[in-house]
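As structure tokens, the structure follows; a few thoughts come after it.
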There are 2 protein chains.
Amino acid sequence: MSPKSEEQFEAIRQERKESLKVSALKLFANKGFKATSVMDIAKDAGVSKGLLYNYYANKDELVKELIITGIEKIMGDMNMDFSQKLTKESFTRMIEINFNLIRENSDYWKLYISVLTQPTVTKLVSQEIFEILAPFFMAVTGYYQEKGVKNPMAYAYLLGAIFDGVGIDYIFAGEQYPLQEIKNIIIEKFV
Amino acid sequence: MSPKSEEQFEAIRQERKESLKVSALKLFANKGFKATSVMDIAKDAGVSKGLLYNYYANKDELVKELIITGIEKIMGDMNMDFSQKLTKESFTRMIEINFNLIRENSDYWKLYISVLTQPTVTKLVSQEIFEILAPFFMAVTGYYQEKGVKNPMAYAYLLGAIFDGVGIDYIFAGEQYPLQEIKNIIIEKFV
DNA sequence: CTTTGTTGACCAAACGTTCAGTCAAAAAAT
DNA sequence: ATTTTTTGACTGAACGTTTGGTCAACAAAG
């Protein structure tokens, strides 16, 4: 019936979409959303400008998908079980994994931070980000509640802010930034 | 010799430049550098596009001046005397002033953060920012050295990261963000 | 008149987006 | 085997806008 099987076409499409996403992530993270043109992305992925519009309705939808799958990936890598309470050990492990992510997955971090900053992009995804991060936030709050601190929610907010701040400064300062030492201080003070 | 005294002209020029800076700051902070057009700025300031180029060589120079005078203003408002050692009291006061700045001067913060993020803009001012922040960083490091912690420099970096992270999250979350409570935790843990 | 602030029409370049048309590959027909 | 037909991924020229930046001309004021 058809010249190629649907599975073959699907495979080709997934490959191309992935290739476009890889290029777009790299460029958005290192040049910024507005500063990256659709042509830049297509060139980097080795395809024509038109093909990008076969796979994504527009530039906005592309960045939206990038951010959401990015955060989901990071949350997945963090490998936390939100259904049960955090222990000292799992909490420490979570912090350590997060610091590894900052170093190893810095492009995702750059994109995520630039989203928090650039209001044009924020509008597109703020609700989704909030929903994805909610369980994480709840778990951390629960941990501090258990610990009996005065203001568990503020602690959770603060920890999130620290991750954001360390990430942004690491991006800015580069390899010389003392990630290890800072991680140790945080574990000492906040576990 | 001149139809108006040089002082009069200078006053007019300073007024216009200031007006353009106010508009540019507002728009850069809330729309982003790339997303804000020169026309946007001129309209907001109530002047023509051409006049902007009478006062600033180009868009880059405008944002550069904004960022540098902005950080200098914040550092000035922080009112720290770097020539002498920080005490528990002055250190606490510094943290409190910084938190006030986050709330009261959020446009400067947004711009500063977006600079750290957007590589196009970063290149323009990274050296200057580094130089302006250096004394602050040294003083904080000295404080922790005096305190006898294991890694004073890492503490200074961490405190800087916390300011950045709290600032960015406050911008993102808005008025509901528990700035006060977080400030108290920081003072409790880091003074 | 001279000087200086100010304007807005103007420009080339770059932008996101569209779409008529091309092409290799596979199925169907011969 | 060979030819024909059908498919959908893929291209790139073209479109309408918008951009950062220029400049000749004008306004205002001594």
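The values are calculated or read from the model by the stated rules, or taken from the named source; none is laboratory data. It should be emphasised that the depicted structure is a prediction, and the values quoted were computed from it without experimental measurement. Virtual Cβ from ideal backbone geometry, glycine too; neighbours counted across all protein chains shown. Surface areas here come from the heavy atoms of the whole protein model, side chains and all, with no ligands, DNA or RNA. Shrake-Rupley method; radii C 1.70, N 1.55, O 1.52, S 1.80 Å.
Does B:I12 satisfy the condition of being aliphatic (A, V, I, L, M), assigned to a helix (DSSP H, G or I) and under 22 Å from B:L116 (Cβ atoms)? Can you show your working first?
On the way: aliphatic (A, V, I, L, M): yes; assigned to a helix (DSSP H, G or I): yes; under 22 Å from B:L116 (Cβ atoms): no.
Taking the combined requirement at face value, the residue does not satisfy it.
Any idea how many residues of the stretch B:46-64 are in a helix (DSSP H, G or I) and under 21 Å from the mean Cα position of the chain (by Cα)? Talk me through it step by step, then tell me what you get.
Kept after step one, since they are in a helix (DSSP H, G or I), are these residues of the stretch B:46-64: B:49-55, B:59-64.
Subset that is under 21 Å from the mean Cα position of the chain (by Cα): B:59-64.
Residues in the stretch B:46-64 being in a helix (DSSP H, G or I) and under 21 Å from the mean Cα position of the chain (by Cα): 6 in total.
Take the conditions (1) more than 8 Å from every other protein chain (Cβ to nearest Cβ); (2) over 17 Å from A:V166 (Cα atoms); (3) open to solvent by 10 Å² or more (accessible area, probe 1.4 Å); B:K189 misses just one of them, which is (1).
What residue, among those in the stretch A:76-96 that are under 16 Å from the mean Cα position of the chain (by Cα) and surrounded by 16 or more Cβ atoms within 10 Å (Cβ to Cβ), is modelled with the lowest pLDDT? Looking at residues that are under 16 Å from the mean Cα position of the chain (by Cα) and surrounded by 16 or more Cβ atoms within 10 Å (Cβ to Cβ), I get A:M80.
May I ask you to verify whether A:L62 is more than 16 Å from DNA strand D (Cβ to nearest atom) and not hydroxyl-bearing (S, T, Y)? I'd like the intermediate steps shown before the answer.
Details: more than 16 Å from DNA strand D (Cβ to nearest atom): no; not hydroxyl-bearing (S, T, Y): yes.
No, not satisfied.
On the given criteria, is A:F130 out of contact with any Pro (no Cβ under 8 Å at 6 or more places or on another chain) and surrounded by 15 or more Cβ atoms within 10 Å (Cβ to Cβ)? So A:F130 does not fit the description; no. Residues that are more than 21 Å from B:Y170 (Cβ to Cβ) and β-branched (V, I, T) are absent from the stretch A:113-124 altogether.
Selection of the stretch B:17-36 for residues being within 11 Å of chain A (Cβ to nearest Cβ) and of a type in the set (S, T, N, Q) yields B:N30, B:T36.
Taking the stretch A:41-70 as the search range and keeping residues that are acidic (D, E) and more than 7 Å from DNA strand C (Cβ to nearest atom), which one is nearest to the other protein chains (Cβ to nearest Cβ)? In this case the residue turns out to be A:D44. Number of residues in the stretch B:171-186 that are more than 7 Å from chain A (Cβ to nearest Cβ) and of a type in the set (A, V, I, L, M, F, W, C) equals 4.
Can you confirm whether A:M153 is surrounded by fewer than 18 Cβ atoms within 10 Å (Cβ to Cβ), among the hydrophobic types (A, V, I, L, M, F, W, C) and within 8 Å of another protein chain (Cβ to nearest Cβ)? Judged against the criteria, A:M153 is a match.
Take the stretch A:1-40 and flag every residue that is near DNA strand C (Cβ under 8 Å from one of its atoms) and touching a residue at least 24 places away in the same chain (Cβ under 8 Å).
Taking the stretch A:1-40 and keeping what is near DNA strand C (Cβ under 8 Å from one of its atoms), we get A:1-5, A:8, A:34-40.
If the condition is that a residue be near DNA strand C (Cβ under 8 Å from one of its atoms) and touching a residue at least 24 places away in the same chain (Cβ under 8 Å), then A:K34 is the only one that fits.
Determine whether A:D169 is under 20 Å from B:M153 (Cα atoms) and within 19 Å of the chain's Cα centre (by Cα). Here the answer is yes, as A:D169 does meet what is asked. Of everything listed in (1) more than 10 Å from chain A (Cβ to nearest Cβ); (2) touching a residue at least 40 places away in the same chain (Cβ under 8 Å), the single unmet condition for B:I168 is (1).
Condition check ((1) in a helix (DSSP H, G or I); (2) among the aromatic types (F, W, Y); (3) over 23 Å from A:W109 (Cα atoms)) across all residues:
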| residue | (1), (2), (3) |
| --- | --- |
| B:L116 | yes, no, no |
| B:F130 | yes, yes, no |
| B:A134 | yes, no, yes |
| B:A139 | yes, no, yes |
| B:A161 | yes, no, no |
| B:D164 | yes, no, no |
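Yes or no, residue by residue, for (1) farther than 26 Å from A:A161 by Cα; (2) crowded, with 17+ Cβ neighbours inside 10 Å:
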site	(1), (2)
B:S23	yes, yes
B:F28	no, yes
B:T36	yes, yes
B:I41	yes, yes
B:G46	yes, no
B:A57	yes, no
B:V63	yes, yes
B:N100	no, no
